[in-house]
1. Quick one: length gained pulling Lys371 to Ser328 fully straight, 0.36 nm per residue minus the C-alpha distance?
2. D for the range 95-156, whole µm²/s, Stokes-Einstein with Kirkwood Rh over alpha-carbon pairs at 25 °C and 0.890 mPa s: what number?
3. Subtract the Cα-Cα distance of Ile153 and Glu292 from 0.36 nm times their separation in residues, and report this length gain in nm to one decimal.
4. Compare Glu390, Glu347, Glu402 in a GNM of the chain, Cα atoms joined below 10 Å, and give the one with the largest fluctuation.
5. Return the tail of the calculated pair distribution for the range 25-269, meaning the percent of Cα-Cα pairs more than 28 Å apart.
6. Using only the Cα atoms of the chain, what are the Rg and Dmax in Å?
7. I'd like to know how the range 299-360 sits against the 2.2 N^0.38 Å rule of thumb: what's its Cα Rg over that expected value?
8. Compute the distance from the alpha-carbon center of the range 340-359 to that of the range 121-167, in whole Å.
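None of the figures in this text is laboratory data; all of them are computed from the coordinates on show. Please read these numbers as outputs of a predicted model, since none were measured by experiment. As a convention, Cβ positions derive from the backbone with ideal geometry for all residues, glycine included, and neighbour counts pool all protein chains shown.
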Amino acid sequence: MSKLAINGGKSIRKKSWPKWPIVGKEELDLISEVTSSGVWSYNGPKEKEFRRKFADYIGTKYAVCAANGTVTLQMALEALDIGYGDEIIVPGLTWQATASCCVDVNAIPVLVDIEEDSWCIDPVKIKEAITSKTKAIIIVHLYGSNPKINEIIKIAKENNLYLIEDAAHQHGTIINGKKPGSFGDIGSFSFQQSKGLTSGEGGALTTNRKDFAEKLDALRNCGRKPVSLNINIKEEEKGKGYYKEEGNFVHSGNYRITEFQAAILLCQLQRLDEQLKKKEENAIYLNKKFKEIDGIIPMRRDKETQLQAYFNFAFRYGKKYFKNLHVSKFREALSAELGLDIEPCYEPLNNCQLYRPLTKKRYNINPEYFKKINPLKFSLPVCENAYRNESITFHHSALLAEKEDMNDILDAIDKIKENVDELL
Ligand SMILES: *Cc1c(COP(=O)(O)O)cnc(C)c1O
């Protein structure tokens with residue numbers, strides 16, 4: 001008789017996993033307050049309060065809210081005056097938005113390979129990819145790992161390149177006392193439903209540069225440049241708070257968030273540190289135990305990391321310790337034991353179902369440009385190996401369970417290993 005749950009045996013996990021997102025009376029009260037206030041959007045008090053609190057939380061002088069973490073990346077490039085023909089260095093393993101933002105401003109995303117132990121962009125490969133056209137590097141703080149940030153800052157400085165941080169996966173990681181979103185010129189965050197800080201949809205940008213903050217503020221608001229970034233300013237006194245004179249407008253669109261989103265974010269931000277602490281304890285426990293299991297490799301954690309945030313919790317698989325069982329079969333078996341979605345990492349962007357810039361006519365500016373943005377021309381062997389052979393990830397909300405629930409994950413791995421013959 002089969003033992004493994006995928007073959008009809010009893011599963012290891014009997015209970016359900018924590019739901020995401022977590023809400024309470026605070027959210028309901030604040031939403032109710034916004035509803036009856038009649039101020040539902042456009043620089044309302046909740047957005048202003050959240051901007052201030054989020055900037056303080058990340059450790060930057062300024063924060064600007066926007067509709068999502070896709071448009072924030074595009075706005076970051078526009079604020080840095082990046083456009084047609086400029087080359088942007090982007091990791092080959094990330095959500096498609098990190099590369100799409102480049103073609104959305106008619107720039108060229110140059111896809112660069114990753115480090116095998118962190119799945120984050122490889123500084124050595126960054127150096128190899130720099131040309132006279134390179135204007136910026138976008139790094140991604142991916143899953144529960146971080147790129148070699150100090151090395152990359154040095155490369156950016158030496159080559160006079162802007163550094164943009166896509167921190168959509170990591171709200172609140174602490175590296176040497178600083179948080180992702182505060183290392184580079186501009187940080188980009190997503191508050192989409194699945195992320196570690198969420199309002200369903202939403203995004204924010206962080207920066208220490210006043211000129212960038214002003215431009216970002218204008219870009220989210222149909223191009224209206226703010227008179228002051230001091231969010232305590234009374235708008236009545238400042239004629240709605242925007243310059244009226246010629247020369248103070250940039251071309252843009254409406255990328256604003258609503259007061260409802262800002263209200264939710266204010267409450268979720270209050271919950272964040274406690275959630276991070278809990279997830280961190282469980283992740284550290286799992287990673288420590290993983291070291292004792294042949295064929296399960298925790299992701300790299302740098303010694304400078306004081307607190308690690310996780311989007312998906314990721315780890316690596318070595319099939320030779322599982323009688324050469326393919327990782328996709330292993331993921332299915334693990335998922336069946338745990339009643340939890342177990343996923344591979346992102347598809348490498350040189351051949352990703354959701355990153356197909358050549359299908360969009362407006363990117364066909366000329367044949368030369370079209371050729372340069374063709375994802376297939378980039379070789380990303382480390383990304384491909386991670387995706388095809390190694391990657392195992394699950395949503396961060398599972399880390400909100402208790403320590404004994406983590407033992408279910410460990411027991412499930414052991415059980416699959418013991419009964420691997422059933423799967424061969
Ligand atoms: C989610 C995500 C984005 C995009 O954010 P949305 O709010 O979904 O538009 C960008 N980059 C990364 C790495 C992400 O995970």
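1. Values: separation 43, 0.36 × 43 = 15.48 nm, distance 3.33 nm.
Contour length minus Cα-Cα distance gives 12.2 nm.
2. Values: Rh = 12.3 Å.
Estimated via Stokes-Einstein, D reaches 199 µm²/s.
3. On the way: separation 139, 0.36 × 139 = 50.04 nm, distance 3.47 nm.
Length gained between Ile153 and Glu292: 46.6 nm.
4. Highest fluctuation of the listed residues: Glu402.
5. Values: 8944 of 29890 pairs.
In whole percent, the long-distance tail amounts to 30.
6. Cα radius of gyration and Dmax of the chain are 22.5, 79 Å respectively.
7. Numbers: Rg = 15.8 Å, N = 62, 2.2 N^0.38 = 10.6 Å.
Rg over 2.2 N^0.38 Å, computed on Cα atoms: 1.49.
8. 22
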